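Each remark here refers to the structure printed beneath this line.
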Amino acid sequence: MTTALIAEDEPLLAQALRAELARAWPELQLLDSAVDGDDAVERALAGRPDIVFLDIRMPGRSGLEAAEAIVEEWPANAAALPLIVFVTAYDQYAMQAFERAAVDYLQKPVQPARLAACCARLKDMIALRAAAQQAPASSAAPGDAALLGRLRTLLGAPPETTRAASQDDAAAPPLTILQASIGATLHMIPVGEVIYFEATDKYVRVVTATREALIRISLRELLPRLSAERFWQIHRGTVVRADAIATATRDDSGKVFLTLRERPERLVASRLHAHLFRGM
Amino acid sequence: MPALDVTLPPDLPRSTALATPPAAAALFDAGHLWRHGVQVALANVAIAGLVSTINDGHFGRTLVYAQCIGLSIWLVIECGRWLMPNRTQGWPAGWHSIALVVGACMLGYVAGTTISDAIFGYSSWLGYLRQPRALLRDFGPTATFCAFVSGWFWMRGQARANRAQAAAAAHDATLARLSLLQSQLEPHMLFNTLANLRALIAADPQRAQDMLDHLIAFLRATLNASRQAEHPLADEFARIADYLALMQVRMGDRLRASTMLPPELGAIAVPPLLLQPLVENAIKHGLEPQRGPGELHVTAALDGATLVLCVTDTGRGLEAAAARAREPMEAGSGFGLAQIRERLQTLHGDAARFTLTAGAEGGTRAEIRLPASTRHPS
């Protein structure tokens, strides 16, 4: 039995998509709809649907952020990752990104013909997966690699057009010094000394060999101002300086555990970012 | 997510055209210099004709003097205009211009007379020493014509600058209207509303019809807003009610909205869709991104002779909205606020004020204060 989850904050649109899906794909079993991004992550992880329809603009986490969280937290021993279809009213740049990443998306108002085509494609993909699982030689979920790749494209490269449109961003020079408060004192931390950044609720935690500090900036704002060669994003909430990593060990679930040269703690690279560690 | 307004730069190139009128630079190009020279030379011919008729009739000799003096004065003035600081529309500011013309007139007279004397092997200066009144007789017409010709050029420059300024202002106004239209016909809002409408047509035709009526009123108001300078406050509140009704259908229980307009304030004239961007911001940046329900209140009150319009929400507040606005995917927000300030400044100068503060119980409070007047063209 194929199951699907709809995440849409506008109640009428959620109902309408349910009704349209019931017509286009009567056998599809629909879980209770999620009303925002955070709800979508919870319901997806609890219900483990085969398909998730994610609205892009939602309260709390956006559809893209929800997709990232679902993929990262998806239990490794469970079935294959869900197929994700993004739904959007009008987001020029997001749609360009979807085209590039070859992710399926629907435009609101959802047209029945378009929805039928989308359902046909989803059915094909699910059939392919089932066939692959029958053949014992192949690894667990061949579709996952493709999905991870697409999602990576989508999340890793913010659309250049939007980047250029906000002039502040384009002008923002690469960071060299971080000004972080520890208690009442402002500490000047050279970016080169940072071992890793970790996103917390409102802040980003900056960790060096000898100290830790908080800076008031989101990881999403910080990332474009760091050198992508020196600093690797290994999880949606973690960015690490590449030359501070000592070892990387992959476990059965596809996660990669990192040890650091100058810190005792271990960091986790999520499945989405595990491709960074493949050996030469 | 970016709206269509991203395609317009947030800082429109307005007022740059006013700071340095294109005419100012053009005044000093070669074409202008050449044309001015010819005009001065022609004026000199006319002056020589007049002077020689009034005096003794030596037209040829008078013409040489007139050309030498006139062109000298003109050259000094052009150099002065080029060199002196604080030019506006090609001329130095205020009395500097007068000083320049007077100085150029005397200097040009001395130079021109000396050159002409050299041509004819004569010395006017010795003659003036013997007969000081002759200096007055010869310099008088020079000074008079110099004043007239300079004045004429000055006025022409002024007129050209005014035309350029008017063109720049018209350009700015068109741009402002266009961006107002773009910010109000936000595609994301439009398509989401249409999607809701599509859903309602099958499920609840009566509600669908009501929603369509609100959408029609909203669209008509948006399209008309760019053509009207002012409309009554009651109309403004009716348009906000339309917008809120649309949002109510879309957001359902998550939106609790109210408007409060004392009936006696309904006739006060306000710029059309002045409050609209504030209500839109409160929803887009305050309530929509927030999990769970939120409240939105739009109120009007009179404080003496000042109309106080208020939009308060219990959304995520200024800081969260600002942080989100900095993210690349959210570029383009904040544009509506600059536009409100600009519209108020244009209409009421410093008499109007717009403030955006944190609300008493979280959320955001936007307040517009402007002089209350009941005149409105309609």
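Residues of the stretch A:62-97 that are within 14 Å of chain B (Cβ to nearest Cβ) and of a type in the set (Phe, Trp, Tyr): A:Phe86, A:Tyr90, A:Tyr93.
All of (1) touching a residue at least 40 places away in the same chain (Cβ under 8 Å); (2) more than 15 Å from the chain's Cα centre (by Cα); (3) surrounded by fewer than 17 Cβ atoms within 10 Å (Cβ to Cβ) hold for A:Leu267 with one exception: (3). At least 1 residues being touching a Pro at 6+ places or on another chain (Cβ under 6 Å) is the threshold, and among the helices (runs of 4 or more DSSP H) wholly inside the stretch B:135-251 those reaching it are B:187-203, B:205-225.
Exactly one residue among B:Glu230, B:Glu236 is surrounded by fewer than 21 Cβ atoms within 10 Å (Cβ to Cβ), among the acidic types (Asp, Glu) and within 35 Å of the chain's Cα centre (by Cα), and that residue is B:Glu230. Of the residues that make up the stretch B:104-127, is at least one buried (at least 18 other Cβ atoms within 10 Å of the Cβ), under 43 Å from the mean Cα position of the chain (by Cα) and under 30 Å from B:Gln165 (Cα atoms)? Looking through the stretch B:104-127, at least one residue is buried (at least 18 other Cβ atoms within 10 Å of the Cβ), under 43 Å from the mean Cα position of the chain (by Cα) and under 30 Å from B:Gln165 (Cα atoms). Looking across A:Leu106, A:Leu81, A:Leu64, A:Leu122, one residue alone is touching a Leu at 6+ places or on another chain (Cβ under 7 Å) and assigned to a loop (DSSP other than H, G, I, E, B). It is A:Leu81. Across the stretch A:213-250, the qualifying residues are those that are more than 14 Å from every other protein chain (Cβ to nearest Cβ) and free of Cβ contacts under 8 Å to residues at least 12 places away in the same chain, and the one among them that is farthest from the chain's Cα centre (by Cα) is A:Thr249.
Looking at the stretch A:78-89, can you tell me whether even one residue there is more than 30 Å from A:Gln134 (Cβ to Cβ), surrounded by fewer than 21 Cβ atoms within 10 Å (Cβ to Cβ) and either not hydrophobic (A, V, I, L, M, F, W, C) or not assigned by TED's automatic domain parsing to the domain that holds A:Lys202 (or both)? No, the stretch A:78-89 has no match at all.
For B:Gly80, the requirement of being assigned by TED's automatic domain parsing to the domain that holds B:Leu50, out of contact with any strand residue (DSSP E or B) (no Cβ under 6 Å at 6 or more places or on another chain) and surrounded by fewer than 18 Cβ atoms within 10 Å (Cβ to Cβ) is not met.
The values are calculated or read from the model by the stated rules, or taken from the named source; none is laboratory data. Computed from a prediction, not measured in an experiment: that's the story for all the values here. FYI the Cβ positions are ideal-geometry reconstructions off the backbone, even for glycines, and counts take in every protein chain you see.
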